[in-house]
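Values quoted throughout were computed directly from the atomic coordinates according to the rules given, and no laboratory measurement underlies them. Because the structure is a prediction, the values reported are computed rather than measured. Every residue, glycine among them, receives a Cβ derived from its backbone with ideal geometry; neighbour counts consider all protein chains shown.
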Amino acid sequence: MNNVDKCKVMYVGNREDSSTYYMESRELSVVSCEKDLGVWISADMKCSKQCMYACNKATKVLNMIKRTIRFKDMRVMLSLYKSLVRPHVEYCISAWSPQYKDKELIEKVQRRYTKLINNMEGKSYEERLYCLLKL
């Protein structure tokens with residue numbers, strides 16, 4: 001049994017196609033962007049929407065950690081980052097391969113997170129990363 005309401009048509013590329021597709025005598029809706037298996041796919045095959053979605057999700061987790069964790073030791077914060085934040089920005093990364101603009105979004109999440117850690121005040125982003133690498 002098919003679920004026609006869940007089926008959609010996406011035209012990929014520059015070709016304008018005015019064909020109408022039907023399933024069980026019902027017209028399928030045309031979309032320019034769709035989420036499938038947790039990954040946003042757009043008709044222009046760019047990954048910007050997926051990257052923004054992942055960064056927004058990671059930022060929400062980052063804000064939750066900021067609100068709830070009082071003991072912001074380097075080791076604790078690094079463990080929280082690796083287990084709760086990083087999986088969101090790394091999910092399906094091999095498929096969406098971020099472009100320069102998208103890399104900046106991911107870097108922004110990481111930059112904000114390193115600022116939360118105790119004893120990192122006054123250090124540059126590169127210095128904060130170096131301190132965390134030594135752990």
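Miscellaneous remarks
- Low-density loop positions, trypsin sites (Lys or Arg not before Pro), region 2-46 - DSSP coil, at most 13 other Cβ in 10 Å: Arg15
- Estimated from the Cβ-Cβ distance and a Förster radius of 41 angstrom, the FRET efficiency linking Ser25 and Lys108 is about 0.25.
- Amide H partners (placed H, <5 Å) of Val30, local residues excluded: Val9
- The label-point distance for Lys6 and Cys131, in a model that sets each label 7 Å from Cα toward Cβ, rounds to 4.8 nm.
- Degrees between helix 100-115 axis and first principal axis of the chain (Cα, 0 to 90, nearest 10): 30 degrees
- Annotation: extensible slack from Glu16 through Lys72 equals 14.8 nm (criterion: 0.36 nm per residue apart, minus Cα-Cα distance).
- Only lysines eight or more places from Lys60 in sequence, or on another chain, were considered; those with a Cα closer than 28 Å are Lys35, Lys46, Lys49, Lys72, Lys82, Lys101, Lys103, Lys108, Lys115, Lys123, Lys134.
- Cα-based helix-to-principal-axis angle, 48-68 vs the chain, degrees rounded to 10: 40 degrees
- Value of [θ]222 nm, deg cm²/dmol, for the chain, DSSP H segments ≥ 4, -39500 (n - 2.57) each, nearest 500: -13500 deg cm²/dmol
- For Asn14, the shell of other residues with beta-carbons less than 14 Å away shows a net charge of -1, using +1 for Lys and Arg and -1 for Asp and Glu.
- Positive-pole candidate from Asn118, His88, Val31, dipole of the chain, charges at beta carbon: Asn118
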